[in-house]
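Colleague: To start, I am sharing the structure in question, which I have written as structure tokens.
The values are calculated or read from the model by the stated rules, or taken from the named source; none is laboratory data. Just so we're clear, the structure is a prediction, and the values are computed from it rather than from any experiment. We place every Cβ from the backbone using ideal geometry, glycine too, and count neighbours over all the protein chains shown. Remember, those area values only see protein heavy atoms, side chains included, never the ligands or the DNA or RNA. Shrake-Rupley method; radii C 1.70, N 1.55, O 1.52, S 1.80 Å.
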Amino acid sequence: MTLSRRTLLAATALAPGLARAQGTFPSQPLKIVVPYPPGGLTDVLGRLSAERLQAAFGQPVIVDNKPGAATQLGASYVAKQPADGYTLLLATVSTLCITPALYSKPLITYPDFAPVAFMGNVILFLVCRPDLEARDPRDLVALLREKPGGYSYGSPGVGTAHHLLTELILSREQLKAVHVPYLGSAKAVVDLAEGRFDFMFLDATVALPQIAAKKIKVLAVTGTTPDPTLPEVPPLVKFFPGLDLQPWMSIVAPAGTPMPVVTKLNDVLNKALADSDFIQRLRDSGMAPLPLTVAAFGDFIKRDASRWAELVKISGAKAE
């Protein structure tokens, strides 16, 4: 067989895959794997994203909840799937940045995935028990400095963004406080309201009803600007310059997914992030939507992974 004949046959064999990637994608149902149980914010975002992709592509989009191993179970499943854009992962900062740093032998790391779409930041409020004599983070720091180790803070669990952000503040300000980890925020917020510990970071969806009922007191919000839900609450960076780390959520695909496919997915999801109804549904769920290009999202992951890994090191948190 001549070289030209072999080249022609090889090109013919590759043509269907290239056509599917660049022209006819998607030609079959898609799947979004959510590495968390049903019912939470990640599940809500997965289903909202699936709705938009299905409407845009005219193909069914299945949401598959695969919790376990601190999100690594679902993530490692997606990483092993064909890099064709048909299996996607709802990836949080924990999945791509925090969990790999917690394990000595993580099942996945962020280079195992192709960035598709950054969906937005998860809003956290720094809150305290209602009778704590603090009006803002500056007052809280003063209290902690007066009585080293005499105050305690809660978190939804060891190695969560809430835990690591608190440890960063303590480290930067050279303060000490006792960590009281919980399994999730539901019990923690009840105990905080009852004064069993002193302060913590809480997701907006959990914090807002308790703040409105005056059962807990709000001191600041994560990010660089006030949040529209409580515009009078100052951003954390006002008190801790440069502390702009926030939890976030995204959609990724297996590494090696063709760029034309990634671009198609990114276009649909970014259009959703510009839609007022979609924006409001995310805000109601405690998220601040933020569309990014594929390249900008890829750069962001690299930068954020190193920052969160450093926080894990500072905290001393480990998981095996």
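Colleague: Residue separation times 0.36 nm, minus the C-alpha to C-alpha distance between Lys187 and Lys302: what's the value?
Modeller: Extra length available between Lys187 and Lys302 comes to 38.0 nm.
Colleague: Related question: What do you get for the angle between helix 161-173 and the principal long axis of the chain? Use alpha-carbon atoms, 0 to 90 degrees, nearest ten.
Modeller: That helix lies at roughly 50 degrees to the long axis.
Colleague: Now a separate question. Rounded, prolate or oblate, given the Cα gyration tensor of segment 142-193, with a/c below 1.5 counting as rounded?
Modeller: oblate
Colleague: Under 10 °C and 1.306 mPa s, how fast does segment 169-274 diffuse according to Stokes-Einstein, given a Kirkwood radius computed over C-alpha pairs? Answer in µm²/s, whole number.
Modeller: Stokes-Einstein gives a translational diffusion coefficient of 93 µm²/s.
Colleague: Could you tell me what fraction of 2.2 N^0.38 Å the Cα radius of gyration of the chain comes to, as a two-decimal ratio?
Modeller: Computed over Cα atoms of the chain, the ratio equals 1.10.
Colleague: Put a dot 7 Å past each Cα toward the Cβ at Asp275 and Lys105; how far apart are the dots in nm?
Modeller: Rounded to a tenth, the inter-label distance reads 4.5 nm.
Colleague: How many nm is it between the label spots at Ile62 and Lys147, if each spot is 7 Å from the Cα in line with the beta carbon?
Modeller: Modelled inter-label distance: 5.5 nm.
Colleague: Return one whole number: the accessible area per residue of segment 90-167 in Å², for a 1.4 Å probe.
Modeller: Normalised by residue count, the accessible surface of segment 90-167 is 34 Å².
Colleague: Something else about it: Considering only DSSP beta bridges with both partners in the chain, what is the antiparallel share in %, to the nearest 5?
Modeller: Beta bridges within the chain, antiparallel portion: roughly 60 percent.
Colleague: What translational diffusion coefficient, to the nearest whole µm²/s, does segment 93-209 have by Stokes-Einstein, given a Kirkwood radius computed over alpha-carbon pairs, a temperature of 10 °C and 1.306 mPa s viscosity?
Modeller: 102 µm²/s
Colleague: Going from the alpha-carbon gyration tensor of segment 224-313, what semi-axes, largest first and in whole Å, does one get by taking the root of 5 times each eigenvalue?
Modeller: Over the Cα atoms of segment 224-313, the semi-axes work out to 26, 21, 9 Å.
Colleague: Have a look at Asp112, Asp227, Asp284 and tell me which one the Gaussian network model of the chain (Cα, springs below 10 Å) gives the largest fluctuation.
Modeller: Asp284
Colleague: Follow-up. Using a simple spin-label model with points 7 Å from Cα along the Cα→Cβ vector, what separation in nm is obtained for Arg135 and Ala255?
Modeller: 5.2 nm
Colleague: Still on this structure: I'd like to compare 52-61, 85-94, 202-211: which one has the highest average count of other Cβ atoms within 10 Å, and what's the full order after that?
Modeller: Peptide ranking by packing, descending: 85-94, 202-211, 52-61.
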